[in-house]
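Here the structure is laid out as structure tokens; the discussion comes afterwards.
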Amino acid sequence: MQAIIRPTVMAVIAVLVFCIPPAATAEDILIDDFEIQPEARWRFIADTVMGGVSTGQVEFVREDGDTYAHMTGSVSTENNGGFIQFRMELSTPPPKGTVGLRLVARGNDQRYFLHLRTSGTLLPWQYYQAGFEVTQDWAEVRLPLKDFKASGWLLRAVPRPESLKSVGVVAFGRDHEAEIDVREVSFY
């Protein structure tokens, strides 16, 4: 009897570990879970602000008890363009000891980016960037601050947590169709 129960218990544990995205831990500081009026905090931006021709949108969807940001669009590198994003200005810097950002995301099996702006990113084309892959299943993505790359040589090598001003989820750098959902954004 014990031999029969053990494989069943192990199968349940495997399902829980591998099929359900991890929840934020006690150390994670939630930036947004898109539950209450996310449209007041997040805005869509395309390269058209600088002459590009990319198009898209972000909408906030409620499905199966979860609310998430759903960004879709066509990214085009024509006319020196190449991005769409949804961005949130941070009202306060992250807490001391922050070492990275955490997302729960899914999408169309493409590479996306998180862009950070700081008090030192004064020009519109300055940011810190870290890439991540998404699949069609919800999954946790952890991006350490040390993995973010500066967009130019005038910026610090690694962004300082206390200087963070905004977070953007970005489809960037190549011609493609974008579709990404984000359910949570946190500091860790």
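Just the residues that are over 16 Å from the mean Cα position of the chain (by Cα), under 21 Å from A40 (Cα atoms) and charged (D, E, K, R), please, taken from region 88-141.
Matches in region 88-141: none.
Restricting attention to region 31-52, and to residues there that are assigned to a loop (DSSP other than H, G, I, E, B) and not charged (D, E, K, R), which single residue is nearest to P94 (Cα to Cα)?
Among those residues, the one meeting the criterion is F34.
Give me the strands (runs of 3 or more DSSP E) completely within region 83-171, filtered to those with at least 1 residues that are touching a His at 6+ places or on another chain (Cβ under 6 Å), ordered by residue number.
The qualifying strands (runs of 3 or more DSSP E) are 128-133.
Among the residues of region 105-158 satisfying the criterion of being polar (S, T, N, Q) and touching a Lys or Arg at 6+ places or on another chain (Cβ under 7 Å), which is surrounded by the most Cβ atoms within 10 Å (Cβ to Cβ)?
Filtering first and then ranking leaves T118.
Going residue by residue through region 140-157, is there one that turns out to be more than 25 Å from L122 (Cβ to Cβ), out of contact with any Asp or Glu (no Cβ under 9 Å at 6 or more places or on another chain) and free of Cβ contacts under 8 Å to residues at least 60 places away in the same chain?
Checking region 140-157: at least one residue is more than 25 Å from L122 (Cβ to Cβ), out of contact with any Asp or Glu (no Cβ under 9 Å at 6 or more places or on another chain) and free of Cβ contacts under 8 Å to residues at least 60 places away in the same chain.
Just so you know, all these numbers are worked out from the coordinates, no wet-lab data involved. Owing to the predicted nature of the structure, the values given are computational and were not obtained by experimental measurement. Here Cβ is always computed from backbone atoms with ideal geometry, including for glycine, and neighbour counts include all displayed protein chains.
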